[in-house]
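S.K.: Got a structure for you, written out below as structure tokens; questions coming shortly.
None of the figures in this text is laboratory data; all of them are computed from the coordinates on show. Worth saying up front: this structure is predicted, and the values here are computed from it rather than measured. Every residue, glycine among them, receives a Cβ derived from its backbone with ideal geometry; neighbour counts consider all protein chains shown.
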Amino acid sequence: MDDRQFRSAMGKFATGVTVITTEVEGEIHGMTANAFMSVSLDPKLVVISIGEKAKILNKIKESKIFTVNILAADQEELSMIFAGQLKEHKEVTFERLDGKPVLSGAVAQVACEVSAEHVEGDHTLFIGKVTDIHLEDAEPLVFYNGKYRSLVELKPVTI
Ligand code: FAD
């Protein structure tokens, strides 16, 4: 099995798109990520997976905090900015949730404190204890097979 086949298979799992943010000495850093899921309801825990080459890795290790911003359908440009896919630098303004940097307009903002980290292969899994949440009534951005998409509601099945 080669890397491309593995990537293609994982790309068949449709996900939302998030921007993970953290802050070290007043400097905010963001990174686009879709490796995010809920882990536990009691206590409320989530997990993110960060590649060993990502600059945000050491920043989260240092700050011990992060936020997960689940992007709305009209926030594709933010996803591209924080994935390093835009050539020109764009200024982004952040709001605060529980004192942590978040993106306005996100479908959900989830503020976390790192409760554990596990190195697995070339990624580090951060378990985040959720300290606050803010929700917006908007449609999410979707990522599937390497492309951005939007949700389509299926008609209910009639039997
Ligand atoms: P950089 O590449 O330096 O930063 C990313 C970009 O964000 C840069 O262009 C930078 O200018 C910009 N930026 C950062 N902070 C700010 C700020 N405060 N204001 C304005 N711009 C800022 N990688 C993973 O490790 N895990 C994943 O789950 C994951 N999922 C992904 C899902 C999708 C849909 C995509 C497109 C990419 C995903 N990636 C994931 C890859 C990851 O987003 C890129 O490799 C990213 O460039 C790595 O970021 P970095 O921390 O190394 O920092």
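Residues checked against (1) more than 10 Å from the chain's Cα centre (by Cα); (2) touching a residue at least 12 places away in the same chain (Cβ under 8 Å):
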site: 31; (1), (2): no, yes
site: 35; (1), (2): no, yes
site: 38; (1), (2): yes, no
site: 51; (1), (2): yes, yes
site: 59; (1), (2): yes, yes
site: 65; (1), (2): yes, yes
site: 70; (1), (2): no, yes
site: 76; (1), (2): yes, yes
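S.K.: Counting only residues that are charged (D, E, K, R), out of contact with any Asp or Glu (no Cβ under 9 Å at 6 or more places or on another chain) and within 11 Å of the ligand (Cβ to nearest atom), which one in segment 20-57 is nearest to residue 99 (Cα to Cα)?
M.R.: Only one residue fits best here, namely 23.
S.K.: Please go through segment 1-47 and give me each residue that is among the polar types (S, T, N, Q) and assigned to a strand (DSSP E or B), ordered by number.
M.R.: Scanning segment 1-47 gives 15, 18, 21, 22, 32, 38, 40.
S.K.: Here's something else I'd like to know. Quick test for you: out of 60, 50, pick the one residue that is assigned to a strand (DSSP E or B) and either among the β-branched types (Val, Ile, Thr) or surrounded by fewer than 15 Cβ atoms within 10 Å (Cβ to Cβ) (or both).
M.R.: 50
S.K.: Considering (1) farther than 26 Å from residue 148 by Cβ; (2) touching a strand residue (DSSP E or B) at 6+ places or on another chain (Cβ under 6 Å), say which one residue 22 fails and leave the rest.
M.R.: With (1) farther than 26 Å from residue 148 by Cβ; (2) touching a strand residue (DSSP E or B) at 6+ places or on another chain (Cβ under 6 Å) applied to residue 22, the lone miss is (1).
S.K.: Out of all the residues in segment 82-97, which are within 13 Å of residue 21 (Cα to Cα) and surrounded by fewer than 22 Cβ atoms within 10 Å (Cβ to Cβ)?
M.R.: Result: 83, 92, 93, 94, 95, 96, 97.
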